[in-house]
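Asker: Before I ask anything, here is the structure I am working with.
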Amino acid sequence: PVFRRRIRRGSSTMEEDDNYGGFPVVWMASFPGSGSELILNLISGLTGLRTADVHVNGGTRCTAPQNLVCKTHYPADDEGRPSELTPRHRFSNTTLVFLLRNPARAIPSGHNWLWEHEHHQFSHSMKMPLEYWREHRAGIFEHGVFSIHKWAETIDFWHSEPLYPTRLYIPYEQVLDAASGTELVRQMADIFIESSRSRRSSELEKKLQNTTALKEFWNDALHGKIGGRRSKRRANDKSYVPSYTMQQKQVMLQVIRDLIAKYSSKSPELTKILKGYVKEIQDNVPIDDKPVPTSPPKAEPTPVIEEHLSEEKNKEPPLEQPKAPESPNHESLSFHESKVLSRFKERVAANRVFHHNTGRQKKPGPGFAGISEGVNMTETNFPVVWLASFPGSGSELLLSLVQELTGFPVSDIHNSQGLQCPNKGNILCKTHFPADRVGNPARIEADNPYRFSRSVMLLLLRNPARAIPSGKNWEWEKLYHHATHSMKMPHDYWRFIRNETFSEGVFSLAHWKSMIDYWQGNASYPDLMYIPYEDLTNPTKGPLLVERLTAVLAKVAQLPISPQVDAQIHNQTEIATFWNNSLNGGKKVRRGGQNIRRKSDNSSYVPCYTDEQKQEMLHVIKELSDKYGSKSPELKSILAGYANDIQVTIPTDHDPPPPPPPPPRPMIHHHFNRTEQRLKYRQK
């Protein structure tokens, strides 16, 4: 606790220095499977300041006030390119924390995380069976996020950056060692004291030189007593060390030697770490050239089971009970592990398997269109339809409408890194790719072949002059601690950040254009259904669009519509009432019944642009119209409407820039008080 309080309170004016707490955010780069969650917990416990993840909420938490470190796996997973996060001045251009791990250990560790999610286990709670690793090793090693080439690419990318003259290397292997681990804690304290602009008091200096206190802090951090809960991994066969073929070992050694030759003169510290990895691979990594069995035993993923599926009052037929994943070496499990597996089977039999909340419901709601009536989700086999849109185009509104319309659940690629999208029963999955680079749909489709529709996909469009400030408004609400879609940013705030937003970052005009280019030019989706946001919210065109959308989704789901419901859909009064309730309901399905609609005294203003920015928008729209107009007259008509709206409705701003906006009020958290309470409870 002394470390947390002392570094956090080292500067009495920390919250008064600027809008964000007086210090920049430091990037922590790592390859997946290198132990980044452990280091984030350690940093949070050491400094008392927040840490964030670029994979969560599109990286918006990285720029939150009082945030010190942001974790990224770029370019290994290609999610959340650091240069695209705004504002750029919020990030440190002098300091970088680089977490390293031997690729022979990091590659299987990263894939183990994926195996746990496929089998609905907690992260860092189980170890994949040896036969599972041997079966998938060849594909994992050469291709995908966890390949040896991505490991080398991560090192190359961050060492090719001209910034970050100060690099703190954190070898995962040294973090786990008591002697080197405490020394790394001391180095991290020095780096973050300097980065957070805190004062070095005499008491703090004594604590940092106290090896016993540092070792105690290191031990608590590794066992989850500081910075967050850690779950100790229980292996199905915890004695095994991931093995490789002789050829794979030679490839790893050659990749590491190439990196040593490349950076030996630039970074002696990195070179020393890489030489240690070469020695460990040569001495400790076993060789396995045995042929993989043609029919290896597989641990089938356990279906996610909802609680209390069949109640006696509903008198539904009992569901077939799924089986727990069997380890291939079940005979060799220890007595303790056998008891754990037995308890897990008992929970499965009782339909009480604990799992992460996926937002799915076992039995769909009725829905206005009646498509899901009498359907059991676990028995559905219709494909998932992609919903692509630029941020700020009203995707949450459309998701809410589709869920009310069909009764089937919808999902978001930004949640759980898109792992919920392929779930059975899902009819729609939202993505902003390639605008925000979070979750590449092609990669998710590669992991789940034949699960996504190739006959149709939905492209939600909105005039860039309206979509860009709408997306930035979502970021403003997060920054100033407002509920999403509840407030509209002040006009002067928009004018202050307009130029930077328009030219770079997620909400830029270039990214709006890239959205249309990517999906319009993607040969995998020949049939695009365009949904203009302006038509969706129009009282005349909106109900007609809902009627058309119903027919498309019913065809995708391959489910019949009853004559009564069909008559209801084609009844203009009924469908207009449904449309009106959906739009005025405030996303009630997606937001737990809360009618959250934007309310503000500033709602009357129309976002303005400079004359140069208006001309640039018109030029981009004309370029897209000329490029795709012959292939898609519908898209050409939509773009022509946007050009007319920009010329007629969007005002031109000739005024001088406004003064900087007031800083957001700091949000008070009670995280450490709750942590201390949990510790006291466990001690009792």
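The values are calculated or read from the model by the stated rules, or taken from the named source; none is laboratory data. Because the structure is a prediction, the values reported are computed rather than measured. Because the Cβ atoms are built from the backbone with ideal geometry, glycine has one as well, and the counts that use them run over all protein chains shown. Note: accessible area is taken over every heavy atom of the protein model, side chains too, but ligands, DNA and RNA are not part of it. Shrake-Rupley method; radii C 1.70, N 1.55, O 1.52, S 1.80 Å.
Asker: On full extension of the chain, what length is gained from THR211 through ASN581, given 0.36 nm per residue of separation minus the C-alpha to C-alpha distance?
Answerer: 126.7 nm
Asker: To the nearest µm²/s, what D does Stokes-Einstein give for region 405-505 at 4 °C and 1.567 mPa s, using the Kirkwood radius over alpha carbon pairs as Rh?
Answerer: Translational diffusion coefficient: 81 µm²/s.
Asker: How much of the accessible area of region 444-564, probe 1.4 Å, is carbon plus sulfur, in whole percent?
Answerer: C and S atoms contribute 55 percent here.
Asker: Next question, about the same structure. Along Cα→Cβ, 7 Å out, is where each label goes; now give me the distance between the ones at THR484 and HIS143 in nm to one decimal.
Answerer: So the label points at THR484 and HIS143 sit 3.4 nm apart.
Asker: Run the simple label-point estimate for VAL552 and THR610 please: 7 Å along Cα→C-beta, distance reported in nm.
Answerer: Computed distance between label sites VAL552 and THR610 equals 3.8 nm.
Asker: Given 0.36 nm per residue, what is the gain on full extension from ASN644 to SER632 after removing their alpha carbon distance, in nm?
Answerer: 2.4 nm
Asker: Quick check: pseudo-label points 7 Å beyond the Cα along Cα→Cβ at GLU269 and THR537, how many nm apart are they?
Answerer: According to this spin-label approximation, the distance is 5.0 nm.
Asker: Between ILE287 and ASP447, take the C-beta separation as r, use R0 = 35 Å, and let me know the FRET efficiency to the nearest 0.05.
Answerer: 0.75
Asker: Using a 1.4 Å probe and counting only protein heavy atoms, arrange LYS631, LYS614 so the residue with the most accessible area comes first.
Answerer: Ranking LYS631, LYS614 by accessible area, largest first, yields LYS631, LYS614.
Asker: Which chymotrypsin sites (Phe, Trp or Tyr not before Pro) does region 112-142 hold that lie in a coil by DSSP with at most 16 other beta carbons within 10 Å?
Answerer: Passing both the DSSP loop test and the Cβ count: PHE122.
Asker: In nm, what is the difference between 0.36 nm times the number of residues separating LYS279 and PHE122 and their Cα-Cα distance?
Answerer: That works out to 53.2 nm of additional length.
Asker: Sticking with this one: Only Lys, Arg, Asp and Glu count, each charged at its Cβ (+1, +1, -1, -1), so figure out the dipole size of region 604-654 about its Cα centre, rounded to 20 debye.
Answerer: 260
Asker: Can I ask one more? I'd like the FRET efficiency for GLU500 and LYS622, computed as 1/(1 + (r/R0)^6) with the beta carbon distance as r and R0 of 30 Å, rounded to 0.05.
Answerer: Step by step, r from the Cβ atoms, then E = 0.75.
Asker: Let me ask something additional. Round to the nearest 0.05 the FRET efficiency obtained for HIS654 and GLN187 when R0 = 51 Å and r is the Cβ-Cβ distance.
Answerer: E between HIS654 and GLN187, to the nearest 0.05, is 0.45.
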